[in-house]
Amino acid sequence: MTTYGILLFDDAEELDFVGPWEVITASGMVLAGEGDDDHRAVMIAESLEPVRCNKGMRVLPDHTFADHPPLDVVLVPGGMGTRTAADNAELLAWLAGVGASAEWICSVCTGSLLLVASGLATDRRVATHWGFEDALAARGDCTVVRDARWVRDGKIVSSQGVSAGIDMALWLIGQIQSPAHARLVQHYIQYEPAPPYQADV
């Protein structure tokens, strides 16, 4: 079983997690059609209360920090809520804990701030939204890469804003499954990025 856990918090940017969610769940549907239904994606938040996102969408978490299944992949969205979440000791402790055991830890947009604040991406290369690059670099505890839509540093994969998270998610399932599978998923969701899907980064 491969389990993808997507972190939710108030004022998270919707497409930062919905875009990768679409890629991940479409990947699961394709695999299920091939007889492999051992994949799931779950939404995780501090409580089971509805989470109000940056543009007003409200989302119901599947699990809390205390009751989720073991996670192979952790995805952290961005949005204005990252500034508050970066001061949430319980959230950061949870992220550090699950990040230590997960095979991949990913962020979209300003979600990279939480990876750095939790210690997972300290002194690593990260990408973030163009409007937050200077602020993140000013912290002095990570290296901001400004010319790549997503960046891999070990098991940490971070992407620039919003749509870059979809590109990163396609790359990620290409690593977990195969580049051919990722291209099949890209075709299935009729996503046409520019540049096209790249197997290597």
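Taking the alpha carbon gyration tensor of segment 1-53, multiplying each eigenvalue by 5 and rooting it gives semi-axes of 25, 12, 7 Å, largest first. Which of I189, A41, A148 sits farthest toward the positive end of the charge dipole of the chain, with +1 on the Cβ of Lys and Arg and -1 on the Cβ of Asp and Glu? Value: A148. Using all pairs of distinct alpha-carbon atoms, the Kirkwood hydrodynamic radius of segment 127-189 works out to 12.6 angstrom. Counting pairwise Cα distances across segment 85-186, what percent come out greater than 23 angstrom? Counting pairs separated by more than 23 Å, the tail of P(r) holds 24 percent. Annotation: average projected area of segment 67-138 is 4.8 square nanometres, based on the convex hull of Cα atoms across all directions. Ellipticity at 222 nm from helices only: DSSP H runs of n ≥ 4 in the chain, each -39500 (n - 2.57), divided by the residue count, give -11000 deg cm²/dmol. Convex hull volume of the C-alpha atoms in segment 1-138, normalised per residue: 107 Å³. The slack in the chain from S178 to D141, taken as 0.36 nm per residue of separation less the alpha-carbon distance, amounts to 10.0 nm.
Every Cα-Cα pair of segment 20-93 was included, and the share exceeding 17 Å stands at 55 percent.
Rounded to the nearest 5, the antiparallel percentage of DSSP beta bridges internal to the chain is 20%.
The charge dipole of the chain, taken about its Cα centre with unit charges on the Cβ of Lys, Arg, Asp and Glu (plus for the first two, minus for the last two), comes to roughly 380 debye.
The stretch between S47 and A93, if pulled fully straight at 0.36 nm per residue, gains 15.1 nm over its current Cα-Cα span.
Since every read-out is calculated from the coordinates, none of them should be taken as a lab result. Since we're looking at a predicted model, the values are computed, not measured. Counting neighbours? That spans all protein chains shown, and the Cβs are built from the backbone with ideal geometry, glycine included.
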